[in-house]
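K.L.:
Pasting in a structure now, in structure tokens, and then I'll have a few things to ask.
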Amino acid sequence: MSYSGLVLHGDHVPDHVEQAQEGERQGFSGGWVTEVNAPDAITVLAAVAASTERFGLGTGIVPIGLRDPYLAAMSFWSLQDLSGGRVSGAGFGVSTPVIVTNWHGMPWDRPVTRMREYVDVFRRLTAGERLRHEGLYQTRAPAMDPAEPAIPVYIGALGEKMLETAGEIADGVILNYPTATVIERSVAAIERGIAKAGRKREEVRIVAFLRTVIDESYEQASAPIKDELLAYLMAPVYRKVFIEDGFEEDCEVFERRWLARERTEAIEGISEAFVRAHAVVGRSGEECRDIAAGLMAAGLDEAFLYPIAPGGVASEQEALLETIRALAPR
């Protein structure tokens, strides 16, 4: 089995709900919701919880800079209560200064330290502890009832320090846009953190969001992937990973064209090798399963389907639903 969970995404909350309902029918373990701007992840998951019966609920990811730990604990406790214990993962990440500071006016600094403290406070609060905490996050919080069952914490990690920290403290780690070699290096870093904390490897689930598109035409299939990769190629933290992964020339060509205001050429010129290394692009569901299985073999515990609609389709939502059906777990 190459895919287990399902990443829900779209412009509107009902789109997420429809994908979740289809995912539940097709046997996916649960839905993981991203958060950049609208809609927010907690509202989406509440709607999914009310519209499904067995489907797990996870965030992948929500930025820690936008919700203090007490508010996050309240929100995830509420989701656990509403869903009858179906929260499969509170996925947290540090996001970027653009989103946290420029969009929301909140501080972005000391990411690893903030994550370590945030997870500790969140866990203590959702365990029912009455807490007085002084640090980067400050709270004198009354106790809430313990979340039942306990809420697993996942960390979206990219850099080596965050990967090691995740291995030390998280129940799971989410990798985004990883190549096979990045998965191997990430697993090694996570395992160093696991060893440092004296934990066992099986205590930490390593998962990846695999953007997957099915179409006979590579041009149609790759178009939406290239559009999305634009933002990642412009982000310094991802650019560093791409270069370390052997794609320095791709980054240089893209930057040169972008700075010369050759925007269309910059996007369309993202190489096929770069696209295929970072996404699952296939002409059929079976081909996509084979590619995903190869990435799983690089060290993943689970792969989550992030369905992408190919370019030129009449209905993006229907294309996503067709991909969900084509790649249902076996």
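The values are calculated or read from the model by the stated rules, or taken from the named source; none is laboratory data. Fair warning: this is a prediction, and the values are worked out from it, not measured in the lab. Using ideal geometry, Cβ is built from the backbone for each residue, glycine included, and neighbour counts are taken over all protein chains shown.
K.L.:
Looking at A298, A260, A266, can you tell me which residue is closer than 25 Å to L6 by Cα and aliphatic (A, V, I, L, M)?
P.N.:
A298
K.L.:
Considering only residues that are out of contact with any Asp or Glu (no Cβ under 9 Å at 6 or more places or on another chain) and of a type in the set (A, V, I, L, M, F, W, C), look in segment 197-220 and name the one that is surrounded by the most Cβ atoms within 10 Å (Cβ to Cβ).
P.N.:
Across segment 197-220, the extreme among qualifying residues is L210.
K.L.:
What tally of residues in segment 268-284 results from selecting those that are within 16 Å of V213 (Cβ to Cβ) and either at pLDDT below 95 or surrounded by 16 or more Cβ atoms within 10 Å (Cβ to Cβ) (or both)?
P.N.:
Matching residues across segment 268-284 total 10.
K.L.:
Give the number of residues within segment 166-181 that are farther than 15 Å from Y238 by Cβ and part of a strand (DSSP E or B).
P.N.:
2
K.L.:
Still on this model: Looking at this structure, is A223 buried (at least 18 other Cβ atoms within 10 Å of the Cβ), out of contact with any Pro (no Cβ under 9 Å at 6 or more places or on another chain), of a type in the set (A, V, I, L, M, F, W, C) and not in a strand (DSSP E or B)?
P.N.:
no
K.L.:
Among the residues of segment 80-98, are any polar (S, T, N, Q), at pLDDT below 95 and over 16 Å from G30 (Cα atoms)?
P.N.:
Yes, that holds for at least one residue.
K.L.:
Mind checking which residues of segment 229-258 are surrounded by 14 or more Cβ atoms within 10 Å (Cβ to Cβ) and among the acidic types (D, E)?
P.N.:
Correct list: D245, D250, E255.
A quick yes/no check of all residues on (1) buried (at least 19 other Cβ atoms within 10 Å of the Cβ); (2) under 15 Å from the mean Cα position of the chain (by Cα); (3) part of a loop (DSSP other than H, G, I, E, B):
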residue: Y154; (1), (2), (3): yes, yes, no
residue: L163; (1), (2), (3): yes, yes, no
residue: I183; (1), (2), (3): yes, yes, no
residue: V187; (1), (2), (3): yes, no, no
residue: R192; (1), (2), (3): no, no, no
residue: A195; (1), (2), (3): no, no, no
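K.L.:
Within segment 115-125, is there a residue that is over 21 Å from the mean Cα position of the chain (by Cα) and either assigned to a loop (DSSP other than H, G, I, E, B) or free of Cβ contacts under 8 Å to residues at least 12 places away in the same chain (or both)?
P.N.:
yes
K.L.:
Considering each residue of segment 125-149, count those that are closer than 16 Å to F92 by Cα and out of contact with any helix residue (DSSP H, G or I) (no Cβ under 6 Å at 6 or more places or on another chain), and give that number.
P.N.:
0
K.L.:
Next question, about the same structure. Looking at segment 23-42 only, could you name the residues that are buried (at least 18 other Cβ atoms within 10 Å of the Cβ) and farther than 22 Å from L66 by Cα?
P.N.:
Across segment 23-42, the qualifying residues are G23, E24, F28, S29, G30.
K.L.:
Within segment 256-272, work out how many residues are outside any loop (DSSP other than H, G, I, E, B) and in contact (Cβ under 8 Å) with a residue 12 or more places away in the chain.
P.N.:
Final tally of qualifying residues: 6.
K.L.:
Among (1) modelled with pLDDT under 95; (2) of a type outside the set (S, T, Y); (3) in contact with a Lys or Arg (Cβ under 8 Å, 6 or more places away or on another chain); (4) within 30 Å of G299 (Cα to Cα), there is one condition R140 misses while meeting the rest; what is its number?
P.N.:
The one condition R140 does not meet is (4).
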